[in-house]
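Undergrad: The following block contains the structure, expressed as structure tokens.
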Amino acid sequence: MKLYSDHILIGSAFQSGMLEFDERFSNFTPGMKPSSIQNTGFGCTEENGEDILDYSGFYIIPGLVDIHTHAAMGADASDGDAAEMQTMSRFYARNGVTSWCPTTMTLKEPELKEACRTISHFRRPEDGARSVGVHLEGPFVCMEKRGAQNPENIHVPDVEMLKRLNEAAGGTVRLVTMAPETEGGIAFVREASKLCTVSLGHTMADYDTAMRAFFAGASHVTHLFNAMQPIHHRKPGLIAAAYDAGATAELICDGMHVEPSVMRMAEKLFGRQLVLVSDSLRCTGMPEGDYPFGGQMITLRNGRATLKGTDTIAGSVISLMEGVRRVVDFGMSLEDAVIAASSTPARAIRMDREIGSIQAGKRADMVALDKSLKVRTVWIDGREAVSSES
């Protein structure tokens, strides 16, 4: 198949040219639209009798990769429900996400095992995004910075438990969030990093402890600024340690978890190490009200989800694509926003040879956006999964 557009994101810049693909991208030829192409209607042209997808006037970007998303549309990865996985998969695809890490909460081991088994057995529907493996956000977090995590389920870092959960997940745990200052934390990092990406989060770690964890093999930070000590000019903490260590760092991109001016600062600080995530919850795409959340309840009101009866903010209620639109409104370039939501997260979970950018040999996952950055068409493995002509 061939596709032409005057705005295809190749590397870090939009280019005009012809893209060839089947299940994987095979070639990109830069250049203006050939005069031999005859328009035959939206999305289809002919050149010497060969069908070509004509997306002139549209942005063609890599499929987004959300490595921190719990739930959407009333469904939650922690529920261990196969039908709910299908619901989430379709929601992500409709919103330009082609790969996602189902993200579990701080739960007891039996519940986590069941969720991991369900995730491992999931096969995407034709109109749904693929699951690329589990993100365990806990249970190895600290009590003081648990945020919306259930305190009853917090567990000290335990490599053997992680191995059991990974076995239940069919060997697909991609990411584990943990607090390195807890008992056995650094030893856990040393062993766990051989299995998956270790992320520091929900932690009281100071600068020195964080640096020890990075030297031991941690390479990522969960939702920068949230559930960690703030940066201080004499107590720099995890944020400065992540910068010094060259770690990738997540940013919840709803504009509520982190104020836009701080988001702009984080982009300047972390550059290509910045990862946009949704951290979306069950109430994403749902009406206002109360919803279950890892053994607790959350309340959605005015676009904000909090633990019921408190002001403690939980995750977000947006898709990653909506987050991209928002950070562009906040001042980030579209190119940088897309890279932070595709190739950098793919690299963070060690999958950048397969997904995350439009490059020969990688899976042909891409999204066509109109000029208002609304999703028009989504391709996964080279096949059209979502199309909207409205």
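Undergrad: Averaging sequence separations of C-alpha pairs under 8 Å and six or more residues apart, then dividing by the length of segment 119-201, give the relative contact order as a whole percent.
TA: Dividing the mean separation by the residue count of segment 119-201 yields 32 percent.
Undergrad: Which of the peptides 1-9, 361-369 is most tightly packed, and how do the rest follow, going by the mean number of other Cβ atoms within 10 Å of each residue?
TA: 361-369, 1-9
Undergrad: With only alpha-carbon atoms in the gyration tensor, what are the semi-axes of the equivalent ellipsoid for the chain, in Å, largest first?
TA: Taking √(5λ) for each Cα gyration eigenvalue gives 36, 22, 20 Å.
Undergrad: Another question about this same structure. State, as an integer percentage, the relative contact order of segment 227-339 based on alpha-carbon contacts under 8 Å between residues 6 or more apart.
TA: 23
Undergrad: Also: Do any GluC sites (Glu not before Pro) in segment 295-390 lie in a loop, going by DSSP, with at most 16 other beta-carbon atoms within 10 Å of their beta carbon, and if so which?
TA: Of the GluC sites (Glu not before Pro), the ones in loops of segment 295-390 whose Cβ has at most 16 other Cβ atoms within 10 Å are GLU354, GLU389.
Undergrad: Residues with beta-carbon under 11 Å from that of ASN153, excluding ASN153: net charge, scoring Lys, Arg +1 and Asp, Glu -1?
TA: Taking every Cβ under 11 Å from that of ASN153, the sum is -1.
Undergrad: With bins 10 Å wide starting at 0, give me the P(r) of segment 279-374 over every alpha carbon pair, in whole percents.
TA: Whole-percent P(r) values from 0 Å outward: 14, 34, 30, 19, 3, 0.
Undergrad: Using a Cα-Cα cut-off of under 21 Å, which lysines could be cross-linked to LYS145, ignoring same-chain neighbours fewer than 8 residues away?
TA: Reachable lysines: LYS108, LYS235, LYS308.
Undergrad: By DSSP, what percent of the beta bridges with both residues in the chain are antiparallel, rounded to the nearest 5?
TA: In the chain, approximately 60 percent of DSSP beta bridges are antiparallel ones.
Undergrad: Next question. Write down the accessible area per residue of the chain in Å², having rolled a 1.4 Å probe over the full set of protein chains.
TA: Computed with neighbouring chains in place, this is 39 Å² per residue.
Undergrad: Project the alpha carbons of segment 68-120 onto their principal axes and report the range along each, largest first, in whole Å.
TA: Each principal axis gives a Cα extent; for segment 68-120 these are 32, 20, 19 Å.
Undergrad: Using a 1.4 Å probe on the protein heavy atoms, what percent of the accessible area of segment 311-390 belongs to carbon and sulfur?
TA: Roughly 41 percent, rounded to a whole number.
Undergrad: From largest to smallest, what semi-axes in whole angstrom does segment 221-345 give when each is the square root of 5 times an eigenvalue of its alpha carbon gyration tensor?
TA: One finds semi-axes of 26, 18, 12 Å for segment 221-345.
Undergrad: Which net charge results when you count Lys and Arg as +1 and Asp and Glu as -1 among the other residues whose beta-carbon is under 14 Å from that of ALA210?
TA: -1
Undergrad: So what is the calculated 222 nm ellipticity per residue for the chain, using -39500 (n - 2.57) for each DSSP H run with n of 4 or more, over all residues, to the nearest 500 deg cm²/dmol?
TA: -7500 deg cm²/dmol
Undergrad: P(r) for segment 339-390, please, calculated from all Cα pair distances in 10 Å bins and given in %.
TA: Once binned at 10 Å, the Cα pair distances of segment 339-390 give 25, 47, 26, 2.
Undergrad: Now for a different question. Using only Cα atoms and rounding to the nearest 10 degrees, what angle (0 to 90) does helix 260-270 make with the longest principal axis of the chain?
TA: So the helix axis and the longest Cα principal axis differ by about 90 degrees.
Undergrad: For segment 98-196, go through all pairs of different Cα atoms, get the mean of 1/r, take its inverse, and jot down that Kirkwood value in Å.
TA: That comes to 13.7 Å for segment 98-196.
Undergrad: Let me ask another. Any idea what diffusion coefficient segment 214-276 gets from Stokes-Einstein, in µm²/s, Kirkwood Rh on alpha carbon pairs, 37 °C, 0.692 mPa s?
TA: In µm²/s, the coefficient rounds to 277.
Undergrad: Hey, what D do you get for segment 244-298 in µm²/s if you plug the Kirkwood alpha-carbon radius into Stokes-Einstein at 25 °C and 0.890 mPa s?
TA: 186
Undergrad: Quick check: at a probe of 1.4 Å, how many percent of the accessible area of segment 81-222 sits on carbon and sulfur atoms?
TA: Ligands and nucleic acids excluded, carbon and sulfur give 48 percent.
Undergrad: For segment 51-93, which chymotrypsin sites (Phe, Trp or Tyr not before Pro) are both in a DSSP coil and crowded by at most 15 other Cβ atoms within 10 Å?
TA: For chymotrypsin sites (Phe, Trp or Tyr not before Pro) across segment 51-93 that sit outside H, G, I, E and B with at most 15 neighbouring Cβ atoms in 10 Å, the list is empty.
Undergrad: Find out how many positive minus negative residues lie around ALA71, taking Lys and Arg as positive, Asp and Glu as negative, among other residues whose Cβ is under 9 Å from that of ALA71.
TA: -2
Undergrad: Mind pulling up the Rg/Rh value for segment 14-172? Radius of gyration and Kirkwood radius, both on Cα.
TA: Taking Rh as the inverse mean 1/r over Cα pairs, Rg/Rh reads 1.16.
Undergrad: From the residues GLN149, VAL173, THR203, which one has its Cα farthest along the dipole of segment 105-237 in the positive direction, the dipole being from +1 and -1 charges on Cβ of Lys/Arg and Asp/Glu about the Cα centre?
TA: Among GLN149, VAL173, THR203, the one farthest towards the positive end of the dipole of segment 105-237 is VAL173.
Undergrad: Please compute the contact order of the chain in relative form: average sequence separation of alpha-carbon pairs under 8 Å and at least six residues apart, divided by the residue count, as a percent.
TA: Over the chain, the number comes to 19 percent.
The values are calculated or read from the model by the stated rules, or taken from the named source; none is laboratory data. None of the values given here were measured: they were computed from a predicted structure. Quick reminder, even Gly has a Cβ in these numbers, built from the backbone with ideal geometry, and neighbours come from all protein chains shown. For accessibility, only protein heavy atoms count, side chains too; no ligands or nucleic acids. Shrake-Rupley method; radii C 1.70, N 1.55, O 1.52, S 1.80 Å.
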